[in-house]
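Enquirer: What follows is a single structure, and I will ask about it in a moment.
The numbers here are math on the coordinates, done by the rules we state, and not lab data. Nothing here was measured: the structure is a model prediction, and the numbers come from that model. Cβ placement follows ideal geometry from the backbone for every residue including glycine, while neighbour counts extend to all protein chains displayed.
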Amino acid sequence: MANREHKVDHLDHPYYGPPIPPVEPHGGAAAGGRRCVVVANPYALCRRAFRVLTLALIAVCVVALVLWLVYQPTALKAYVDSAELTRFDLVLDGGRQQLRYNLTVAVTIRNPNREHAVLYQRLEAVALYGGERFGYVDLPRARQARKSTMVIKPSFRGQGVVLTDTAAFGREKEEGFFNINVKLHTRIRLKGIVVHSAEHRTDVDCYIRVPDPTNATAVALGFTPVQCHVDDF
């Protein structure tokens with residue numbers, strides 16, 4: 001009992017020690033009962049968002065570049081392996097010099113792509129002499145497999161084209177060879193593993209020198225195969 005009274009009496013004496021810091025309320029509340037709120041910096045948030053978007057854009061561009069390099073299609077290759085004229089002369093009809101012709105051409109088309117087959121939605125062949133069209137053939141649709149070769153043989157037969165430059169025709173007939181332009185107009189889709197590409201309009205341009213069938217020397221020399229120009233996809 002005496003000890004308890006001594007302790008209580010000790011508490012009544014004044015305290016001269018160092019100041020005791022105030023006890024903060026539980027939960028981090030500031031003086032007056034208000035909670036401390038941290039305000040984010042808008043500039044820092046915008047800078048961080050811009051950095052994230054920039055990195056994402058760079059990653060997308062790198063992936064697109066790799067896919068483009070891997071799957072970029074290579075242009076077709078085309079050659080005229082043979083061409084034969086059985087008739088190519090002028091006839092007088094109605095007071096006008098008209099061209100009478102019979103031409104057969106063998107064109108080899110090579111698809112060098114490993115990832116793409118070629119779907120020919122439209123394939124037509126045109127023959128021109130002296131810049132004037134004298135023959136046209138509409139060929140059937142075709143499908144060309146990956147890394148494969150196909151041969152088409154358009155034949156042009158008829159009469160009725162009026163030549164404006166008969167002098168050039170006469171010179172080439174004396175030489176024994178006719179310079180003829182054969183064009184292929186195509187509408188192509190490339191078939192990948194999953195999807196088809198958009199439609200491409202690809203032209204094949206072949207300049208050939210064909211022996212005159214009435215000239216024995218030129219026929220003996222024969223036709224020289226040529227490579228054609230093919231538009232890129």
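Enquirer: Test of understanding: ordering R133, R114 by Cβ neighbours within 10 Å, fewest first, what list do you get?
Expert: On the way: R133 13, R114 10.
Ranking R133, R114 by Cβ neighbours within 10 Å, fewest first, gives R114, R133.
Enquirer: Let me ask something else. Okay, which of region 88-123 sit inside 18 Å, backbone N to the point 7 Å along the Cα-Cβ direction of T166?
Expert: Within reach of a label on T166: 88-101.
Enquirer: Give me T202, T214 ranked fewest to most by other Cβ atoms within 10 Å of their Cβ, as a rough exposure proxy. Intermediate values should be presented prior to the final figure.
Expert: Details: T202 19, T214 13.
Ordered from fewest to most neighbouring Cβ atoms within 10 Å, T202, T214 come out as T214, T202.
Enquirer: Would you mind estimating how fast region 90-179 diffuses translationally, via Stokes-Einstein at 25 °C and 0.890 mPa s with the Kirkwood radius over Cα pairs, in µm²/s?
Expert: The calculation lands on 158 µm²/s.
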